[in-house]
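Single-structure report; data block below.
The values are calculated or read from the model by the stated rules, or taken from the named source; none is laboratory data. None of the values given here were measured: they were computed from a predicted structure. Here Cβ is always computed from backbone atoms with ideal geometry, including for glycine, and neighbour counts include all displayed protein chains. Each accessible area value is taken on the protein alone, full model and side chains, heavy atoms only, with ligands, DNA and RNA left out. Shrake-Rupley method; radii C 1.70, N 1.55, O 1.52, S 1.80 Å.
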Amino acid sequence: MMATTSSSSTHSLWLSTTKTVSLLLLVCCYSLCIVGSSCFQIQGQQEVVRRFNSSSRRRSDFSSHSSSFRSMSSADDSGNIDDTTTTNDSSVGGGVLDLVFGFVKTKVAYQFSKLCAADILLHTNGEGGSAEAFATATKLDPDLSLRFLRAADAVGLVTEDTTTKLFTPTALGRSIGSINEPGRGIVLLEASPEYSKAWDNFDQVLDTGAIGWQLAHGVPRIYDSIGSGGTLPEFRDTFYEGLRSWGGMEEDDILLGDGGGVVRDLLMGLKPGAVVVDVGGGEGSFAGKMLAVRPDISVVLQEQAVTCDAARANPALASYGKDQLRVVERSFFDGIQETDGNLYVLKYILHNWGDEDCVRILCNVRVALEEQASSKNNDDARVLIIEHGPIESSPEIRLLDLHMAVLCGKGASERTTEEYSKLVEASGLSMHRVHPSKGGVYVLECGLPV
């Protein structure tokens, strides 16, 4: 989950973007497969069997969906998928099996990340490692280590040399199984036991609209769990490392990518000494990236107390003095403290909240812009809303939308461009432009009405 923020991470990670995004979204939503298959078994089995038995279609008709348990992985080291690889063609459609066994893939990915399996395999001889050496290094059961690595091969994390019996991490495997790669932090967060427990309540979430996180952990917000007096202080590091990792996957592209040029252009167009306000900027990953692009401006990071602590402890920000980076403890529901900003950034904020709360946040930003316009006769300040989507842009964003609802409540959602526009207008701001970006992220540029 990208709660309020989200590396110089290598761009080689993006060589396998399609597979990486697919796996990470599967990680986010694997509990849907578990709950869905359970509901099928309990509630719908008799009806489905009746309809299946009465159908005149032959089993071979299912081949149009997928021949069988089609390998997700059959991928070379660059992440290219061989769609011709199948197993038993007589099996019932592989699309069904892919849904049912989605949770197995996620569990394999989680352990692969947790063990830093790519690093261990490469450490053996620089190219790949045997199951025996892997078991010795990890102190895992030797037989199950072999079966685990073969399962990792099945989902594209390693390739097995059938002659040497060595397992070599693929680009995807390195992206989630190497200690310094951002994909690892994402998997450890999104497939964490804490998130999984929230998804265990998915049936009740659907029935009642309750918050899955609250049902699992007793408090409505993740920050309530990891903050002072929270019940999950040990989850704090996993959570913030996951947010930093999401940033490492996407922030370079937002700032430097082809579709993200609007953010860079706006930053480069600021005068020296200009102020950028990162509203709900999390542990400061994006603030640091903006300062790297424009070291002659200053950034004000406004966050709640527990996240400000994480920002102050973020080693990536240690080199910036107070004249470049200020961390302000204040909820954005209580107002925007800095009213001299030239650019106000809300990255992955609004998707955490329902419509009324989103309007409250945007109204507070509007007030800051109005104060500046009144006191300094400057109405050129801009607001950038950076979000995944729009929701109509891809099936993956729709899965992420449901993930947000389970973790944060049904008001939290990925929205359409029209829905965001209505929120902007309801707050008294005006939508100036919508800038698409690659990677499923786009930018909405707002300001005071002209």
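Would you mind finding the one in Gly156, Gly173, Gly185 that is buried (at least 24 other Cβ atoms within 10 Å of the Cβ), assigned to a helix (DSSP H, G or I) and out of contact with any Asp or Glu (no Cβ under 8 Å at 6 or more places or on another chain)? Checking each option against the conditions leaves just Gly173. Determine whether Arg360 is closer than 24 Å to Glu283 by Cβ, of a type in the set (D, E, K, R) and within 29 Å of the chain's Cα centre (by Cα). Yes; evaluated as a whole, the condition is true for this residue. Residue count for region 135-159, restricted to those that are modelled with pLDDT of 95 or more, closer than 19 Å to Ser178 by Cβ and touching a strand residue (DSSP E or B) at 6+ places or on another chain (Cβ under 9 Å): 7. Select from region 337-352 the residues that are more than 26 Å from the chain's Cα centre (by Cα) and of a type in the set (Val, Ile, Thr) and list them in ascending order. Within region 337-352, just Thr339 meets the criteria. State whether one or more residues within region 327-334 are more than 19 Å from His432 (Cα to Cα), open to solvent by less than 40 Å² (accessible area, probe 1.4 Å), of a type in the set (Val, Ile, Thr) and not in a helix (DSSP H, G or I). Checked against the condition, which is being more than 19 Å from His432 (Cα to Cα), open to solvent by less than 40 Å² (accessible area, probe 1.4 Å), of a type in the set (Val, Ile, Thr) and not in a helix (DSSP H, G or I), region 327-334 yields at least one hit.
Residue count for region 110-128, restricted to those that are of a type in the set (S, T, N, Q), open to solvent by 40 Å² or more (accessible area, probe 1.4 Å), modelled with pLDDT of 85 or more and touching a helix residue (DSSP H, G or I) at 6+ places or on another chain (Cβ under 6 Å): 0.
Inspect all residues belonging to region 260-269 and state whether any of them is modelled with pLDDT of 95 or more, buried (at least 24 other Cβ atoms within 10 Å of the Cβ) and over 24 Å from Ser175 (Cα atoms). Within region 260-269, none of the residues are modelled with pLDDT of 95 or more, buried (at least 24 other Cβ atoms within 10 Å of the Cβ) and over 24 Å from Ser175 (Cα atoms). Just one of (1) crowded, with 18+ Cβ neighbours inside 10 Å; (2) farther than 15 Å from Met404 by Cα; (3) polar (S, T, N, Q) fails for Thr208. It is (1).
Here the condition is being within 20 Å of the chain's Cα centre (by Cα) and surrounded by fewer than 22 Cβ atoms within 10 Å (Cβ to Cβ); of Phe235, Phe239, it holds for Phe235 alone.
Quick test for you: out of Val300, Val263, pick the one residue that is in contact with a helix residue (DSSP H, G or I) (Cβ under 6 Å, 6 or more places away or on another chain) and among the β-branched types (Val, Ile, Thr). Of Val300, Val263, the one residue that is in contact with a helix residue (DSSP H, G or I) (Cβ under 6 Å, 6 or more places away or on another chain) and among the β-branched types (Val, Ile, Thr) is Val263. A count restricted to region 288-306 and to residues that are at pLDDT below 95 and under 18 Å from Val365 (Cβ atoms) stands at 2. Here the helices (runs of 4 or more DSSP H) wholly within region 209-319 that include at least 3 residues being more than 21 Å from Trp199 (Cβ to Cβ) are 236-256, 261-268, 285-293, 305-312.
Condition test on Gly229, is it at pLDDT below 95 and surrounded by fewer than 17 Cβ atoms within 10 Å (Cβ to Cβ)? For Gly229, the condition - at pLDDT below 95 and surrounded by fewer than 17 Cβ atoms within 10 Å (Cβ to Cβ) - is met.
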